[in-house]
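Colleague: Quick one: the structure is below, questions incoming.
The values are calculated or read from the model by the stated rules, or taken from the named source; none is laboratory data. Since the structure is predicted, the reported quantities are computational estimates derived from the model, not experimental observations. Quick reminder, even Gly has a Cβ in these numbers, built from the backbone with ideal geometry, and neighbours come from all protein chains shown. Ligands, DNA and RNA are stripped out before the accessible areas are found, and what is left, the full protein with its side chains, is counted by its heavy atoms. Shrake-Rupley method; radii C 1.70, N 1.55, O 1.52, S 1.80 Å.
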Amino acid sequence: MDTLTATPTIEPGAKADRPVAVYCKGITKTYGSGQSAVRALRGVDVDVRTGELMMLVGPSGCGKTTLISIIAGVLDRDEGECTVLGKDFKVLGPSGTTQFRATNVGFVFQAFNLIPTLTLAENVAVPLLINRVRRADAIEQACEMLKKVGLGDRTKDIPTRLSGGQQQRVAISRALVHKPKLLVCDEPTSALDHVTGQKVMELLRSVAAGNDLSLVVVTHDARIFEFADRIAEMDDGRIVSMTTGKGHQHSSFDASHAK
Amino acid sequence: MIGIALKMLFRDKAKYFGIIMGVTLASLVITQQGAIFTGLMSRTFAVLTDMGGPDIWVMDPKVQFIDDVKPLQDTALYRARSVEGVAWASPLYKGMTRARMDDGQFQNCNIIGLEDSTLTGGPPRMVKGKVEDLRRADAVIVDRVGAETRLARKGPGGKPVPLDVGDVMELNDHRAVVVGISDNTRSFQSNPTIYTTYSRATTFVPRERKLLSFVVVKAVPGLDLHVLCDRLERETGMAAYTKEEFKWKTVMYFVQNTGIPINFGIAVGLGFIIGTVITGFMFYSFTVDNLRYFGTLKAMGASNNRLMGMIVVQSMVVATLGFGLGVGLAAAFGASAKNSPLAFRLPWQLLFISGSAVAIICTLSAMLSMRKVVTLEPAIVFKG
Ligand SMILES: Nc1ncnc2c1ncn2[C@@H]1O[C@H](COP(=O)(O)OP(=O)(O)OP(=O)(O)O)[C@@H](O)[C@H]1O
Ligand SMILES: [Mg+2]
């Protein structure tokens, strides 16, 4: 049932009936200008449905990070249309976009980006503090969140004492603690071994399920493709194919995993 | 977020220590050097500090500072006394004499001659004896530090024995008997100070045509001193300054005519520059070290204003701690030097100056860091 086509196609996928969370049409992005200009995106059309886990795959330099940066509102597009949860960042403006990210977007990075001088609970509390939740409440919710990812007994530890997989679980807690509507993950498993990577994806899959959370996951790692609802393959600044993944099969797994 | 900012700062021990060091160093050097300078400058008018009674000093118009004595005609005293608003006016002799020591060496001393009848302008505090003892034959009062150091006698075994009441000195070939020891403010040249009566003082110094150094004046109660000064100048043709004015005139003379302010200015300037460089560098590198995390916060929706707020809080904390430490160390230094010849004076104005310098240093450092954070692209968070 998986199809790979040479021309850009939009496969409806298993969640085609759900509302659109991210809508992109004809997005272009060029870095620099003149001789040294790099055309990172050459017209990207893509949509992500509410509750869907979409993976972005493709060779190095094809524009994956650029695309999720634009979708997450940390980078401005040049041309094209892009709405996230019905909002256009060009209309929201810089401060509106910042506020939008604070309330609606969660981030997971390859290098975790946990603040090494803060405890796990403090790290996880950061998005809540950004949203002006009271400190005591923020820490309490952060500890709750850490409990859900199995790190409830390490809330006062600092990140560098943790293994890579544990650190990524903390980062996922931080990305989800303020209940965002969109989660963007850039190579979340690349720094991890296979088993740990699988566990992290299971975790991501389980938190996505049942929520109105859409996930966009950039990856090189073919072994985690199975967790995707759809897989968008990019090449040279374009989406060249869209494949339906087996992610929905993990739905049964979700229920058992959610604690 | 403020809590987060402080934890980021406090838990980065090495950087935190370095930044505090920079601020401490700057405020220590500025405060300490400034205090020594202030102390030295206040010694230039020690005579004025120690003379409590008179409000106004009348002198030759060409006098530039307290030690720049230009003798007046004896009649100056009567002219001053005749001015309306003068409660009383007394003559004051201020000059130098040479004390002959046991070993045949001479020691220069300041000599102050007080009006014979009233003894106006006597020492501020007596350690031994009374001011009135100056009425006895050949009587002089010597200041304690002078008596213990430069005028001390050689005792058995070469140990210095302080000059004491009852001892006899030789001043300009005249016999003088010590009748009291006074406690004086240290003077700039740190020569011993000898008090005696006006008429006796004139015998302790080489004969001159005119001997009256100053006329010291007390105003009638309630009269504005500046009004009286103007009146004295107009009616006598002499210069008249309030005590405060004369102190300033003296300090300004030293400031303008000696290399002292430049030397201290250089030390203070170096303290400021080195403090700025260390603090700025350490603070900036603290920010740059954390740039990845500032970028992460930015991506997660922290506005530039809030990130700047974090940096402001961090810099205010190091400013406060560094300033406190620096001033504390400077004050401890001052306290430990209390009984030494070192000049040290720490008025609130000086704290204000070093506080302002620290504020400038930390503001500059913070601005450098803020610029870095504000121009940071949140998209860098996805870069490896
Ligand atoms: N800030 C930038 N300035 C200039 N060129 C850039 C910048 N960021 C990315 N590029 C270029 O744009 C192109 C797309 O980069 P992007 O990071 O989106 O690729 P990617 O698919 O994420 O690659 P990888 O798998 O290696 O992470 C590349 O050629 C890259 O060199
Ligand atoms: Mg990338």
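Colleague: Amide H to amide H, which residues 5 or more places from residue A:240 or on other chains are under 5 Å from it, using H placed in the peptide plane?
Modeller: A:233, A:234, A:235
Colleague: Go through A:184-192, B:12-20, B:340-348 and give me the packing order, highest mean Cβ count within 10 Å leading.
Modeller: In decreasing order of mean packing, A:184-192, B:12-20, B:340-348 become A:184-192, B:12-20, B:340-348.
Colleague: Quantify how much of the Cα-Cα distance distribution of chain A extends past 34 Å, in percent.
Modeller: The share of Cα pairs beyond 34 Å in chain A comes to 15 percent.
Colleague: Here is a follow-up. What does the average come to when, for each residue of peptide A:60-73, you count the partner chain Cβ atoms lying within 10 Å of its Cβ?
Modeller: So the per-residue partner count for this stretch is 2.
Colleague: Report, as an integer, the average count of C-beta atoms from other chains found within 10 Å of each Cβ along B:370-383.
Modeller: The mean count of partner-chain Cβ atoms within 10 Å per residue comes to 4.
Colleague: At q = 0.15 Å⁻¹, what log₁₀ I(q)/I(0) does a Debye calculation on the Cα points of the stretch A:145-210 give, no solvent, two decimals?
Modeller: One equal scatterer on each Cα of the stretch A:145-210 leads to -0.45.
Colleague: Evaluate the stretch B:31-171: find the radius of gyration of its Cα atoms, find its Kirkwood radius, and give the ratio Rg to Rh.
Modeller: My calculation puts Rg/Rh at 1.01.
Colleague: Under the Karplus relation 6.51 cos²θ - 1.76 cosθ + 1.60, θ = phi - 60°, what is the ordered set of whole-Hz ³J(HN,Hα) values for the stretch A:21-32, x standing for Gly and Pro?
Modeller: Ordered by residue, 3J(HN,Hα) equals 9, 10, 10, 10, 9, x, 6, 10, 8, 10, 8, x Hz.
Colleague: Same structure again: Using a 7 Å offset from the Cα along the Cα-to-Cβ direction at both residue B:81 and residue A:39, what is the distance between the two label points in nm, to one decimal?
Modeller: The modelled label-to-label distance comes out at 10.8 nm.
Colleague: Helix B:243-257: angle to the longest alpha-carbon principal axis of chain B, degrees 0 to 90, nearest 10?
Modeller: It works out to around 70 degrees.
Colleague: Could I ask something else about it? Sort the following peptides by mean Cβ neighbour count (other Cβ atoms within 10 Å, averaged over residues), highest first: B:244-253, B:87-96.
Modeller: Peptide ranking by packing, descending: B:87-96, B:244-253.
Colleague: Buried accessible area for the A:B pair, summed, 1.4 Å probe, in Å² rounded to 100?
Modeller: Roughly 2400 Å² of accessible surface disappears when A and B pair.
Colleague: Separate question: Counting only other chains, what is the mean number of Cβ atoms within 10 angstrom of the Cβ of each residue in peptide B:6-14?
Modeller: The mean count of partner-chain Cβ atoms within 10 Å per residue comes to 2.
Colleague: Could you give the radius of gyration (one decimal) and Dmax (whole number) of the Cα atoms in the stretch B:73-237, in Å?
Modeller: When restricted to Cα atoms, the stretch B:73-237 yields Rg and Dmax of 17.6, 60 Å.
Colleague: Tilt of helix A:135-148 relative to the longest C-alpha principal axis of chain A, in degrees (0 to 90, nearest 10)?
Modeller: Tilt of helix A:135-148: around 80 degrees.
Colleague: Next question. What percent of all Cα-Cα pairs in the stretch A:14-71 falls into each 10 Å bin, going from 0 up to the bin containing the maximum distance?
Modeller: With a bin width of 10 Å, the distribution comes to 20, 47, 24, 7, 1.
Colleague: Sorted by mean Cβ packing within 10 Å, highest first, what order do the peptides B:190-196, B:75-81 take?
Modeller: Order by mean packing, descending: B:190-196, B:75-81.
Colleague: Apply the Karplus curve 6.51 cos²θ - 1.76 cosθ + 1.60, θ = phi - 60°, to the phi angles in the stretch A:86-92 and return the couplings in whole Hz, x for Gly and Pro.
Modeller: These are the phi-based 3J(HN,Hα) values: x, 10, 10, 4, 5, 7, 5 Hz.
Colleague: Still on this structure: Could you state, as a whole-number percent, how many of the C-alpha pairs of the stretch B:271-345 are farther apart than 20 Å?
Modeller: 51
Colleague: Two-decimal Rg/Rh of the stretch B:1-53 from alpha-carbon positions, Kirkwood Rh?
Modeller: Over the Cα atoms of the stretch B:1-53, Rg/Rh equals 1.42.
Colleague: I would also like to ask the following. Ratio of Rg to Rh for the stretch B:196-260, alpha carbon only, Kirkwood?
Modeller: 1.07
Colleague: I've got another one for you. Quick one: how many lysine pairs does the stretch B:73-237 have with C-alpha atoms less than 30 Å apart and a gap of 8 or more or different chains? Give me the count, please.
Modeller: Lysine pair count for the stretch B:73-237: 13.
Colleague: Right, another one. Taking 4 °C and 1.567 mPa s as the conditions, I'd like the Stokes-Einstein D for the stretch A:1-155 in µm²/s, using the Kirkwood hydrodynamic radius from alpha carbon pairs.
Modeller: Roughly 72 µm²/s, to the nearest whole number.
Colleague: Next question, about the same structure. What lysines sit close enough to residue A:156 to cross-link, taking a C-alpha to C-alpha distance under 17 Å and skipping anything fewer than 8 places away on the same chain?
Modeller: By straight Cα distance, residue A:156 reaches A:147, A:148, B:7.
Colleague: While we're looking at this one, here's another question. Beyond 37 Å, what share of the Cα-Cα pairs of chain B remains, rounded to the nearest whole percent?
Modeller: 43
Colleague: Give me the Å³ per residue figure for the convex hull around the C-alpha atoms of the protein assembly as shown.
Modeller: Given the Cα convex hull of the protein assembly as shown, per-residue volume reads 244 Å³.
Colleague: Rg and Dmax of the stretch B:252-384, Cα atoms, in Å?
Modeller: For the stretch B:252-384, the Cα radius of gyration and maximum Cα-Cα distance read 19.9, 65 Å.
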